[in-house]
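Student: Handing you a structure now.
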């Protein structure tokens, strides 16, 4: 005698597996960002014995940071750096033709001098503000913000032209003075 | 009356192999995406800044790390680490030369030295490194910072 087996096949639908796997794939694609290295770029001067050039005092915007991380900006002790960006912009562009500010933007130099004991993060803070001031000036020339200016794609010819126009006649003269010997 | 029997031939494509195809894609992306090796000889915390510039040509970048050694038997002061090795200040020149040799002829003078330094390093040490780099004509410096 044959007993009829009650076979009820239990199957899990594999159709949605693809969706799950796609979800995983998309998650990884989105989550992995190819980060480009970002930072503050400067060019060091060539290694040559220093040549003496006379720089008229009014063309030099002096920022000193001492080893106690205190700022001396244009011979004034400063505790907060608010408004420094605008001061630097006024110094470089000199819209009011003041005799104490730079003769013209090409001659203007912003000098950062640190001491051996200065903490790196304070130097970066100042360098950041100086760069920001210049980028704002470049942006204003084109009628865009400094962030938009930095986002200009230099591989794109029209944007490269904008970039070059903004930078012409307004060089980023940042001098990083060597600290005094111990 | 005799109805002609309809033959219903269902032609379905099996979707069972779809997950395999997608997994294959997933694995391809996972394998082809190479993780950037982190230099972990030194501990450091980079400072933050806002006016950041991005480097277009990533291959020009050569990294120097300045921080406190993780292995405390190497000392507690700030040390330089390059290519996962601790180097002395006097070895920077040699490092510059070897790094420059890895670049194509046309890009040799455009090398960028990325300085990833801890926020509490003294500027004296940074300046010493910069003097050394200047001597060996590696004058483009990128201070690595995080976005504020």
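Student: For the stretch A:62-110, compute the orientation-averaged projected area of the C-alpha convex hull (one quarter of its surface), in nm².
Tutor: Values: hull surface 14.5 nm².
That works out to 3.6 nm².
Student: Ok, one more. Output the Cα-based Rg and Dmax of chain A in Å, rounding Rg to one decimal and Dmax to a whole number.
Tutor: Expressed in Å, the Cα Rg and Dmax of chain A come to 28.8, 118.
Student: At a temperature of 37 °C and a viscosity of 0.692 mPa s, determine how fast the stretch A:83-125 diffuses translationally according to Stokes-Einstein, using the Kirkwood radius over alpha-carbon pairs as Rh; express D in µm²/s, rounded to the nearest whole number. Could the numbers behind the result be given before it?
Tutor: Values: Rh = 12.0 Å.
Rounded, D is 275 µm²/s.
Student: Regarding the stretch A:72-160, what are the three Cα extents along the principal axes, ordered largest first, in Å?
Tutor: Taking the Cα atoms of the stretch A:72-160, the three principal extents are 44, 34, 22 Å.
Student: While we're looking at this one, here's another question. For residue A:98 and residue A:62, FRET efficiency with R0 = 25 Å and r from the beta-carbon atoms, rounded to 0.05?
Tutor: The calculated FRET efficiency here is 0.90.
Student: When the Kirkwood hydrodynamic radius is evaluated over all pairs of different C-alpha atoms of the stretch A:27-66, what value in angstrom, to one decimal, is obtained?
Tutor: The answer is 15.8 Å.
Student: Taking every DSSP beta bridge with both residues inside chain A, roughly what % is antiparallel (nearest 5)?
Tutor: That works out to approximately 40 percent antiparallel.
Student: Here is a further query. Sort all Cα-Cα distances of the stretch B:78-133 into consecutive 10 angstrom bins from zero, then give the percent of pairs in each bin up to the one containing the longest distance.
Tutor: 20, 54, 23, 3
Student: If I build a Gaussian network model for chain A, linking alpha-carbon pairs within less than 10 angstrom, which residue out of A:52, A:89, A:141 has the largest mean-square fluctuation?
Tutor: It is A:52.
Student: Something else now. Taking Cα atoms, how many degrees apart are the long axis of helix A:84-93 and the longest axis of chain A, rounded to 10 and kept between 0 and 90?
Tutor: So the helix axis and the longest Cα principal axis differ by about 60 degrees.
Student: Oh, and also: Using only the Cα atoms of the stretch B:42-147, what semi-axes does the equivalent ellipsoid have when each is the square root of 5 times a gyration tensor eigenvalue? Give whole Å, largest first.
Tutor: Values for the stretch B:42-147, descending: 22, 18, 12 Å.
Student: Going highest first, how would you order B:123-129, B:98-104, A:74-80 by mean Cβ packing within 10 Å? Can you show the working numbers first?
Tutor: Working: B:123-129: 19.1, B:98-104: 12.7, A:74-80: 9.4.
Ranked by mean Cβ neighbours within 10 Å, highest first: B:123-129, B:98-104, A:74-80.
Student: Antiparallel DSSP bridges in the protein assembly as shown: what percent, to the nearest 5?
Tutor: The answer is about 50 percent antiparallel.
Student: Sum -39500 (n - 2.57) across every DSSP H segment of at least 4 residues in the protein assembly as shown, then divide by the residue count to get the 222 nm mean residue ellipticity, nearest 500.
Tutor: Numbers: 8 runs with 104 residues, N = 330.
That comes out to -10000 deg cm²/dmol.
Student: Using Cα pairs closer than 8 Å and at least 6 residues apart in sequence, work out the relative contact order for the stretch B:42-147, in percent.
Tutor: Computed over the stretch B:42-147, the figure is 37 percent.
Student: Would you please classify the overall shape of the protein assembly as shown from the alpha carbon gyration tensor, given that a ≥ b ≥ c denote the square roots of the eigenvalues, rounded means a/c under 1.5, and beyond that prolate means a/b larger than b/c while oblate covers the rest?
Tutor: prolate
Student: So in chain B, what percent of DSSP beta bridges are antiparallel if you round to the nearest 5?
Tutor: Details: 8 of 20 bridges.
DSSP beta bridges in chain B are roughly 40 percent antiparallel.
Student: Still on this structure, please answer the following. Please build a GNM for chain B, connecting alpha carbons under 10 Å apart, and tell me which residue among B:11, B:73, B:81 fluctuates the most.
Tutor: Looking only at B:11, B:73, B:81, the biggest GNM fluctuation is shown by B:11.
Every number here is computed from the coordinates shown, using simple stated rules; none is lab data. The structure presented is a predicted model; accordingly, all values stated were derived computationally and were not measured. Please note: Cβ atoms are built from the backbone with ideal geometry, for glycine as well, and neighbour counts cover all protein chains shown.
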